[in-house]
Amino acid sequence: MVLTSKSHVRRRRIIAALAPLLLSLPLLLLSQPSQASAAFAIEAAPEERQPLLGHGHRMILIDAGHGGIDGGTSHGDILEKNITLDISRRLFLLLRSDGFDAILNRNGDYAPSDENRWLRSSSRHLRDLAQRKELAETLPANVVVSIHVNWAPSPAKHGPLVLYRQEGRSFMLAESIQNQLNRLYQVEGDTRPGKPFYLLNKITATTVIVEAGFISSPVDRAKLCSGKGQEEIAEAIAGGIAAYLMEM
């Protein structure tokens, strides 16, 4: 009889849930660009992409915040979950085209909690967060970038914010991404430690949460909801990740 630990069974279930996405990546990367399917199309075939020197082996997990029943914050009928997915898809493509090993945790409108059948908890939110954590550790990811959208009572509050896990590498990654986003938004925002956040407490990899702008701000919302703006945000985040990795 082979004895299997609960942790091993859990990891096998995570891998099984992730398998369709992982197996689809080579096909998605070979797709031709089109307006109808721009999310997973890049101009260069995999063999034409040159890995950035010394960093092709590093796994970057892009965590598209919310999804499915969890819409996140909102403004009218504009939902955070859709914005985070659009930005995350663009970020995924940019990183892959630059030769980085990147994985996107969801490529559609569903919640990671839907795939969590191993945690016995009545809290859908907790199952969602636990699934995201388990995925990061199962891959395993060297860097985790979780994409979100901010909200404030005042529409005057705007700009990006990067939260970091309280350790040196996460702080450096957060600073690098914040600097790039500050240039895009023409602000002077500062990073902050994200101590209360589950992902920043539980994931052991270099981890940051990127609040890409305020959905409550008309200025930020225009950028967050346009294809051009989302591409610019993704480029800024990718630039920050690349700059951090080149320093490591």
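Residues Ala243, Ala141, Ala236, Ala156: which one is small (Gly, Ala, Ser), assigned to a loop (DSSP other than H, G, I, E, B) and surrounded by 15 or more Cβ atoms within 10 Å (Cβ to Cβ)?
Ala141
If the Cβ limit is 6 Å and pairs must be 6+ apart or interchain, which residue in the range 144-168 that is touching a residue at least 24 places away in the same chain (Cβ under 8 Å) pairs with which residue that is of a type in the set (Phe, Trp, Tyr) and open to solvent by less than 30 Å² (accessible area, probe 1.4 Å)?
Between residues of the range 144-168 that are touching a residue at least 24 places away in the same chain (Cβ under 8 Å) and residues that are of a type in the set (Phe, Trp, Tyr) and open to solvent by less than 30 Å² (accessible area, probe 1.4 Å), the close pairs are Asn150/Phe214; Ala152/Phe214; Lys157/Phe214; His158/Phe214; Gly159/Tyr185; Pro160/Tyr185.
Quickly run through the range 168-195 and pick out the residues that are part of a loop (DSSP other than H, G, I, E, B) and farther than 22 Å from Ala141 by Cβ. It would help to see each step written out before you state the result.
Kept after step one, since they are part of a loop (DSSP other than H, G, I, E, B), are these residues of the range 168-195: 186-191, 194-195.
Scanning the range 168-195 gives Gln186, Val187, Glu188, Gly189, Asp190.
Determine which member of the set Ile209, Ile203 is touching a residue at least 40 places away in the same chain (Cβ under 8 Å) and closer than 16 Å to Met172 by Cα.
Of Ile209, Ile203, the one residue that is touching a residue at least 40 places away in the same chain (Cβ under 8 Å) and closer than 16 Å to Met172 by Cα is Ile209.
So which residues in the range 159-175 are in contact with a helix residue (DSSP H, G or I) (Cβ under 9 Å, 6 or more places away or on another chain) and open to solvent by less than 80 Å² (accessible area, probe 1.4 Å)? Steps first, please.
Initially, the range 159-175 is screened for residues in contact with a helix residue (DSSP H, G or I) (Cβ under 9 Å, 6 or more places away or on another chain), giving 159-166, 169-170, 172-175.
Across the range 159-175, the qualifying residues are Gly159, Pro160, Leu161, Val162, Leu163, Tyr164, Arg165, Ser170, Leu173, Ala174, Glu175.
Looking at (1) touching a Gly at 6+ places or on another chain (Cβ under 6 Å); (2) open to solvent by less than 20 Å² (accessible area, probe 1.4 Å); (3) among the aromatic types (Phe, Trp, Tyr), can you tell me which one Tyr185 breaks?
In the conditions (1) touching a Gly at 6+ places or on another chain (Cβ under 6 Å); (2) open to solvent by less than 20 Å² (accessible area, probe 1.4 Å); (3) among the aromatic types (Phe, Trp, Tyr), Tyr185 misses (2) alone.
The rows are residues; the columns are (1) touching a strand residue (DSSP E or B) at 6+ places or on another chain (Cβ under 9 Å); (2) modelled with pLDDT of 95 or more; (3) open to solvent by less than 20 Å² (accessible area, probe 1.4 Å).
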residue: Arg192; (1), (2), (3): yes, yes, no
residue: Phe197; (1), (2), (3): yes, no, no
residue: Asn201; (1), (2), (3): no, no, no
residue: Ala205; (1), (2), (3): yes, no, yes
residue: Arg221; (1), (2), (3): yes, yes, no
residue: Ser226; (1), (2), (3): no, yes, no
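The values are calculated or read from the model by the stated rules, or taken from the named source; none is laboratory data. The structure displayed is predicted, hence computed values, not measured ones. Backbone-built Cβ (ideal geometry, glycine too); neighbour counts: all protein chains shown. With ligands, DNA and RNA removed, areas are computed over all heavy atoms of the protein, side chains included. Shrake-Rupley method; radii C 1.70, N 1.55, O 1.52, S 1.80 Å.
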